[in-house]
Every structure is written in C-alpha cells, then in structure tokens.
C-alpha cells in the first residue's frame, strides 16, 4: 500500500473545497441569469436572450474546468487503490 | 472520474468504494462537484432553450376585423370591441378628429379591465391604480410591469378595421 504525505492530502482537500465553493457561486449566478433572461423574454424584450445564453455557456465551461480540476487534484492526492 | 467515463479506465466501484475509509471525503466531494456541474449544464440548456424559442418563434397570424365606422364615436369617445378572438376585450379611443388608438383592455398587472378616463386623458385600471398612456399604452404609474398590447388599426373606406396586435 502506498503511503501518501498527509499534508499533501490536506492541501488537496482544501483545493477541492475551494473549487467546490467557486462552482456553487457560478451556479448561483447561472440560476439568477436564467430567471432574469426568462423574465425579460416573457416581458417581450428578446435582446437580452443571446448575451444571456453566451454568458451562461461561459459559466458552464468554467464549472466544467473546475470539475476537471477537482478530478485531477483527487487523482494526485488520493492513495492508489 | 470525469462526467463521462472511458472504457479503458478502472471500474467505477474502485473509485467509489475505496479500501481507505478516509478517502470517502474525496468521493463525496467529487460526487457533489459532478452534481453541481450537471446543474450548471441544466441552467445553460435552459438559456439555450429560451434562445431557440426566441429565434424560431412564429409571429401569429391575426384576422382582419371591423371595429367601427368612421365618425361613429365622438372625439374622446370610446368603443369596446373584441379582437382577435371573442374572449379578448379591447378598447378603442378617438383621440382627435383623425386619430384613433386601440388597446387590449386587459391590465398587464392582474388582468383587470382598464377604462378610459377622459378627465385625465389616460387609461386607468381600477383594481390597483395602474395608469397607461393613451398615446402608446406605456405605463405611467402603478404596478403594471409592461405596456398594454396595442391593436393596429387601418382605415378601409369608411370603416376602421383591426389588423394586428403589437406587444403581446
């Protein structure tokens, strides 16, 4: 069984927690963006729909990047099976 | 461990059920992160759906319907009619000798019927004191979130006909 430095493990967990907090913030912004876009669209203003979709896509790609970062950190700081 | 597993990777159970109990911290965090990312994808799909709906929405075809004869109502007089369906109540106002405007009578706040106040020269909703401009149906005061839908009128000989609804 391979032994892993506990401080490295702790650092890994802290990094994962930080990334998770960021994703939560991104998700809150996305929820607000979706409701604001829907409300403006239903009010008859279609001008905000395209920027809303682009910005939401950017937020999703940021969340995806953070997800792969979490996976990478987990692989590097977790003990092999 | 990404959103989609490749067949060359180790089986999922080895990731999910480690022999080290302390590794559960990683598993729960990874699963929660994956859930958050999928929720983010859901929000993005929602925005895309609104975008597609706005791009490919068909503009409705409106019937042509006779509203009134010219000079049937006096200046600052009103006539109620139904357009485009018998369930849609509308109000036409003669604002000057040659000018007529018509709007949906349904208040954009909570759908009470608006009426024309000749004294204040505006459309008023009696339920929550929402006032609309006679010129363009815009909100002057009160809780209505958007202007009244405007009925497009056209002159056909001696008749006024409704041909479309703007701002539904």
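Looking only at the stretch B:140-151, decide whether some residue is in the same structural domain as residue B:77 (by TED's automatic domain parsing), more than 15 Å from the chain's Cα centre (by Cα) and closer than 21 Å to residue B:70 by Cα. Within the stretch B:140-151, one or more residues are in the same structural domain as residue B:77 (by TED's automatic domain parsing), more than 15 Å from the chain's Cα centre (by Cα) and closer than 21 Å to residue B:70 by Cα. Checking residue B:159 against (1) farther than 27 Å from residue B:66 by Cβ; (2) surrounded by fewer than 19 Cβ atoms within 10 Å (Cβ to Cβ), which test does it fail? The failed condition is (1). For first residues located in the stretch B:125-154 and on the phi < 0 side of the Ramachandran plot and in contact (Cβ under 8 Å) with a residue 60 or more places away in the chain, partners that are buried (at least 19 other Cβ atoms within 10 Å of the Cβ) and in a loop (DSSP other than H, G, I, E, B) and lie 6+ apart or on another chain with Cβ distances below 7 Å form the pairs B:151/B:83.
If the condition is being facing another protein chain (nearest Cβ under 7 Å) and under 19 Å from residue A:75 (Cα atoms), then the stretch B:20-45 contributes B:20, B:23, B:25, B:26, B:29, B:30, B:32, B:33, B:34, B:37. In this structure, residue B:90 qualifies as assigned by TED's automatic domain parsing to the domain that holds residue B:70 and either surrounded by fewer than 13 Cβ atoms within 10 Å (Cβ to Cβ) or closer than 27 Å to residue B:64 by Cα (or both). The residues of the stretch A:40-60 that are facing chain B (nearest Cβ under 9 Å) and modelled with pLDDT of 90 or more, listed by number, are A:41, A:49, A:50, A:52, A:53, A:54, A:55, A:56, A:57, A:59, A:60. Criterion applied to B:52, B:48 was being part of a helix (DSSP H, G or I), without any contact (Cβ under 8 Å) to a residue 60 or more places away in the chain, out of contact with any helix residue (DSSP H, G or I) (no Cβ under 6 Å at 6 or more places or on another chain) and at the interface with chain A (Cβ under 10 Å from one of its Cβ atoms), and the one residue passing it is B:52.
The values are calculated or read from the model by the stated rules, or taken from the named source; none is laboratory data. Because the structure is predicted, anything quoted here is derived from the model rather than measured. All Cβ positions, glycine included, derive from the backbone under ideal geometry; neighbour counts span all protein chains shown.
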